[in-house]
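No value in this document is a laboratory result; all are computed from the given coordinates. What you see is a predicted model; the values in this text were computed from it and never measured. Counting neighbours? That spans all protein chains shown, and the Cβs are built from the backbone with ideal geometry, glycine included.
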């Protein structure tokens, strides 16, 4: 039995499949990359991008007073709603995300930034979700 448990531990270690929880504090640090365009927290306002307060549970493209692209207007009309998982997926590659979500190969967003590291995306999504009244969902 010890050998089986040891083998299982080694396989798990080398498989890279160890789940790492989202880390709001790490997300706060990584969010510094996003601050040039997006704001969160008290007194957050739209800038180059919309403010991200209360984004979890919010219909895509519905931040008050922000001028959205045609793609975001289409996502809004389709009733797409942000959750933690969709935020993390979106920031990996915004254009590809919207192309898939809308089934539109011509979909294009204003956001050119891409966050490559999955854990950073999850952490940022958790951090942004912490500014939402709606319960965060994975």
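What's the extension gain from residue 43 to residue 76 if we count 0.36 nm per residue and subtract their Cα-Cα distance?
Between residue 43 and residue 76, full extension yields an extra 9.4 nm.
Relative contact order for segment 22-129 using alpha-carbon pairs under 8 Å, separation at least 6, rounded to a whole percent? Don't skip to the answer; put the middle values down first.
Working: 164 pairs, mean separation 38.9, N = 108.
Relative contact order comes out at 36 percent.
Using a/c under 1.5 as the rounded threshold, could you call segment 75-119 rounded, prolate or oblate? The axes a ≥ b ≥ c are square roots of the C-alpha gyration tensor eigenvalues, and prolate needs a/b larger than b/c, oblate otherwise.
Taking the square roots of the gyration eigenvalues as a ≥ b ≥ c, segment 75-119 is oblate.
For segment 29-136, what does the alpha-carbon gyration tensor say about shape, rounded, prolate or oblate, given a ≥ b ≥ c as the root eigenvalues, a/c under 1.5 as rounded, and a/b over b/c as prolate?
Values: a/c = 1.44, a/b = 1.22, b/c = 1.18.
Rounded, because the longest to shortest axis ratio a/c is under 1.5.
Highest mean first, how do 43-49, 86-92 rank when packing is the count of other Cβ atoms within 10 Å averaged over residues?
Answer by packing, highest mean first, reads 86-92, 43-49.
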